[in-house]
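Enquirer: Please find one structure pasted underneath; my questions will follow.
Please treat every number below as a calculation from the coordinates, not as lab data. These numbers were taken from a predicted model, which means no experiment stands behind them. Every residue, glycine among them, receives a Cβ derived from its backbone with ideal geometry; neighbour counts consider all protein chains shown.
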Amino acid sequence: MITILQNKDVTDRILFEMKDGEDIYGTVSGIINGDTITISELESQMEIFYDGLVRAILAYADNRFVKKAVFDITDERKLYRLKGFGFVTEESKVLEDIQAFFKDDKCD
C-alpha cells in the first residue's frame, strides 16, 4: 500500500514522501513564508503521483491558513502535468487561493 507521509526529520522545509514500505516513490517539498508556500521540489517515478503529492502539501498548508502556493518548478514536463491537474495555468505558476481550489469541482 502506498502512503504519503510528512517527513518529520526536515526542519527548514516541509517534505512529504510517497512510500510503499521503505521504498520511496515520490517527494514534494516547500517552504512556508507568511501566507504563501513555495513548492520547489517535485519528484516521482510516475507522473500520475504528482497529483497526490501536491494535494498533500497543499492540504498541509491550507490547514495552517496558508492562502497561496507558488510553484518554483522549471521542468516543462512537470509543469505540463501540473497544468493538467489544475494546479497551474499557462499564464501563471501561482495558485492564488488554496482553499478555493479544494472547494472547486476539480477535487471530485
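Enquirer: State the answer as a single residue: which of Phe49, Val88, Val66 lies farthest towards the positive end of the charge dipole of the chain, with beta carbon charges of +1 for Lys and Arg and -1 for Asp and Glu, about the Cα centre.
Expert: So the residue we want is Val66.
Enquirer: Do any GluC sites (Glu not before Pro) in the stretch 40-108 lie in a loop, going by DSSP, with at most 13 other beta-carbon atoms within 10 Å of their beta carbon, and if so which?
Expert: Here the sparse-neighbourhood loop sites are Glu90, Glu91, Glu96.
Enquirer: If contacts are Cα pairs under 8 angstrom and at least 6 residues apart, what is the relative contact order of the chain in percent?
Expert: Working: 180 pairs, mean separation 20.6, N = 108.
Reported relative contact order: 19 percent.
Enquirer: Here are some values of percent of Cα pairs over 17 Å apart: (i) 54; (ii) 50; (iii) 58. Which one was computed from this structure?
Expert: (ii)
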